[in-house]
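The values are calculated or read from the model by the stated rules, or taken from the named source; none is laboratory data. On a predicted model such as this, the values are computed, not experimentally measured, just so you know. Cβ placement follows ideal geometry from the backbone for every residue including glycine, while neighbour counts extend to all protein chains displayed. Areas reflect the complete protein model, heavy atoms only, side chains present, ligands, DNA and RNA absent. Shrake-Rupley method; radii C 1.70, N 1.55, O 1.52, S 1.80 Å.
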Amino acid sequence: MGITQRTQVAIIGAGPSGLLLGALLAQAGVDAVIVEQRSADYVLGRIRAGVLERGTVELLERVGVADRLHREGLPHNGFDLCFGGARHRIDLHRLTQGKRVVVYGQTEVTRDLMDHRAAKGLITYYEAQDVAVLDFDGEHPRVTFTHQGQATELHCQFIAGCDGFHGVCRASVPPQAITQHERVYPFGWLGVLSRTPPVAEELIYSNHERGFALCSMRSHTLSRYYVQCSLQDRVENWSDEAFWDELRLRLDPQAAAQLVTGASIEKSIAPLRSFVAEPMRFGSLFLAGDAAHIVPPTGAKGLNLAASDVHYLSTSLIEFFKEGSRAGIDTYSQRCLSRVWKASRFSWWFTSLMHRFPQTELSGGAIGYRLQQAELEYLVQSEAAMTVLAENYIGLPF
Ligand code: APR
Ligand code: PHB
């Protein structure tokens, strides 16, 4: 015989979306339980981008989880585009009348949110097995799972699907009720994390004939680098030395000379895709974050889109429980998707501009490369073009 629990909102997934939603709801006095299939350590083991938009920082400040971010995060006023053997700075701060981004690893955001949740004594079921979401189009939505061998049924009024791209929530929606748009890119990113000082103060995005490269960081002593690679490539094909040699070839001479190399403490290959599911609400089930959309990491939008979804969802649910209004939940999907599609467009555009595509693709081959060079040369000479890039990169308003 299992146990039955009740809550107002059942959140599936303890990644950034689920944890931030839980924190915002708790602050407003709305009861929410998180059901996570992995252990907390496993969740923290994921290495993800960490360029935070102002809106994301403000949400973390609102729930009181921004102290370490303000101590350890790195405010960035710009980044470099590297092409034709030279670097060109995009001055975000000037082009957006004083806005900037903060570089702070997603793992640290997740850790801060986890610590906050534990300190508040809020319920999170880690290592939940066989999670199922039921009757979300009916009167009695509920989540069933097994936790520490105990069959559990969690009755709720709403289910927040914060369970990522491979989660159970979107997969539980009847196929005829959902439209899934997807574009898979014909290359991957080979990423390395190293305990070395970053090659530069700010990020460097490089378009090179050999392929894209990105120089990023987690702190002044922890660097994150990527080179575009084939989808058929394997991590075991890349020694550290081979990675560093390839990265140097794709950078300008100054950066190549200044690059400090070291042993990789993490090395992985990730595919790139653009994916959007429409709508994002199905009765009492709401999708948020990677459960609803994936962007190629070029524009560093993934975490920030999760944050804006969670902003819309938390305000909608709080409105319902505190004021009895359904206005927010009834417009949740269209408000999210309006911002999601704009960020998806920007991420697709920046990816298409910076990567080498095969001959068979529209922007591929020699002519594709020449068209990219022309756009980059125009971009860095046009105040208007750089302003468009800058306002999308720092994040459109929530
Ligand atoms: N039951 C319970 N939990 C699940 C299930 C399931 N069936 N399937 C997946 N999960 C959990 C995963 O283990 C993960 O911890 O849901 C969580 C989803 O977290 P993320 O994948 O990080 O997605 P999200 O919280 O939306 O954060 C988006 O993460 O992947 C990056 O680039 C992305 O920065 C963006 C951010
Ligand atoms: C990262 O630091 O992992 C990172 C930064 C910026 C991006 C993508 C990834 O656009």
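A few points about this structure:
- Taking other residues whose beta carbon is less than 12 angstrom from the beta carbon of residue 285, and scoring Lys, Arg as +1 and Asp, Glu as -1, yields 0.
- Solvent-accessible area per residue in the stretch 88-140 equals 53 Å², computed with a 1.4 angstrom probe and all protein chains kept.
- Over the chain: helical MRE at 222 nm, DSSP H runs n ≥ 4 each giving -39500 (n - 2.57), nearest 500: -11000 deg cm²/dmol
- Here the Kirkwood formula puts the hydrodynamic radius of the stretch 206-248 at 11.4 Å, using every distinct Cα pair.
- The stretch 204-267: relative contact order in percent, alpha carbon pairs under 8 Å with at least 6 residues between: 28 percent
- Once the Cα atoms are used to define both axes, helix 365-381 deviates from the longest principal axis of the chain by about 90 degrees.
- Descending semi-axes in Å of the stretch 258-302, equivalent ellipsoid built from Cα gyration tensor: 34, 11, 9
- The residues of the stretch 329-391 have, on average, 49 Å² of accessible surface per residue, using a 1.4 Å probe with all protein chains present.
- Radius, Kirkwood style, for the stretch 216-319 when every pair of distinct Cα atoms is counted (Å): 16.9 Å
- Per residue, the convex hull spanned by the Cα atoms of the stretch 156-285 measures out at 156 cubic angstrom.
- Euclidean distance between Cα centres, the stretch 4-52 to the stretch 103-134, Å: 4 Å
- Over all other residues within a Cβ to Cβ distance under 14 Å of residue 349, the charged ones net out to +2, with Lys and Arg as +1 and Asp and Glu as -1.
- The chain: radius of gyration and largest Cα-Cα distance (Dmax), Å: 21.6, 70
- Gain on full stretching of the segment that runs from residue 270 to residue 3 - 0.36 nm per residue minus C-alpha separation: 92.2 nm
- Rg [Å, one decimal], Dmax [Å, integer] - the stretch 6-115, C-alpha atoms: 17.0, 60
- Mean accessible surface per residue for the stretch 193-282, computed with a 1.4 Å probe while every protein chain stays in place, in Å²: 43 Å²
- The dipole here belongs to the stretch 12-106: it is taken about the Cα centre, uses +1 on the Cβ of Lys and Arg and -1 on the Cβ of Asp and Glu, and is about 380 debye.
- Normalised per residue, the volume of the convex hull around the Cα set of the stretch 244-371 (Å³): 164 Å³
- Restricting the calculation to alpha carbons of the stretch 90-218 gives Rg and Dmax of 21.4, 57 angstrom.
- Gyration tensor verdict on the stretch 48-94 (Cα atoms; rounded if a/c is under 1.5, prolate if a/b is larger than b/c, oblate otherwise): prolate
- Span per principal axis, largest first, for the Cα atoms of the stretch 83-158 (Å): 60, 32, 28
- For the stretch 137-177, the share of alpha carbon pairs falling in successive 5 Å distance bins from zero is 5, 17, 22, 28, 20, 6, 1, 0 percent.
- Compactness of the stretch 155-197, taken as the C-alpha radius of gyration over 2.2 N^0.38 Å, stands at 1.90.
- Accessible surface of the chain [probe 1.4 Å, protein heavy atoms]: carbon and sulfur percent: 51 percent
- Spin-label model distance (nm) - residue 151 vs residue 366, 7 Å beyond Cα toward Cβ: 6.8 nm
- For the chain, size of Cβ-based charge dipole, Lys and Arg +1, Asp and Glu -1, in debye: 400 debye
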